[in-house]
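Structure first, then comments.
The values are calculated or read from the model by the stated rules, or taken from the named source; none is laboratory data. A quick note: this is a predicted structure, and the numbers were derived from the prediction, not measured. Note: ideal-geometry Cβ built from the backbone for every residue, glycine included; neighbour counts use all protein chains shown.
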């Protein structure tokens, strides 16, 4: 893949988040993480009533889309690191002494997601905090 192609993918992702991700992105992420609808909605900070409205309308707001995108990105990073979706899910849901929380519980904020991403990179380099 060329740098230009990577830029195009990034531009498409940015545009999709700004315009609002389709409701299917929520269900795909819920299924990938093997969470209940309520668990993922809580992680994303989306009230159940709002989620019902988004399901009816078909699109999330830009802010909600950004949060969905962030959680999906870190899940992909964990899946790449572990080379296994089951192990990635297990790791995300397991208490981490280095983070003093479960990695998944930190993905509701940018700083938390960054801490999880940094930890994954450290582990990939053999640095065990």
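Output yes when any residue across segment 43-53 is in contact with a helix residue (DSSP H, G or I) (Cβ under 6 Å, 6 or more places away or on another chain), surrounded by 18 or more Cβ atoms within 10 Å (Cβ to Cβ), assigned to a helix (DSSP H, G or I) and at pLDDT 95 or above, and no when none is. Yes, segment 43-53 contains a residue that is in contact with a helix residue (DSSP H, G or I) (Cβ under 6 Å, 6 or more places away or on another chain), surrounded by 18 or more Cβ atoms within 10 Å (Cβ to Cβ), assigned to a helix (DSSP H, G or I) and at pLDDT 95 or above.
Keeping to segment 23-41, report how many residues are touching a residue at least 40 places away in the same chain (Cβ under 8 Å) and part of a loop (DSSP other than H, G, I, E, B). Final tally of qualifying residues: 1. Return the residue satisfying two criteria in turn: it lies in segment 77-111 and is part of a helix (DSSP H, G or I) and touching a residue at least 60 places away in the same chain (Cβ under 8 Å), and of such residues it is surrounded by the fewest Cβ atoms within 10 Å (Cβ to Cβ). Once the filter is applied, the top-ranked residue is 105.
Within segment 54-94, the set of residues being touching a strand residue (DSSP E or B) at 6+ places or on another chain (Cβ under 7 Å) and on the phi < 0 side of the Ramachandran plot comprises 59 only. Of the residues making up segment 66-76, one or more are without any contact (Cβ under 8 Å) to a residue 40 or more places away in the chain, within 19 Å of residue 21 (Cβ to Cβ) and part of a helix (DSSP H, G or I). In the set (1) buried (at least 16 other Cβ atoms within 10 Å of the Cβ); (2) farther than 23 Å from residue 10 by Cβ; (3) out of contact with any strand residue (DSSP E or B) (no Cβ under 8 Å at 6 or more places or on another chain), residue 36 fails one condition alone, (1).
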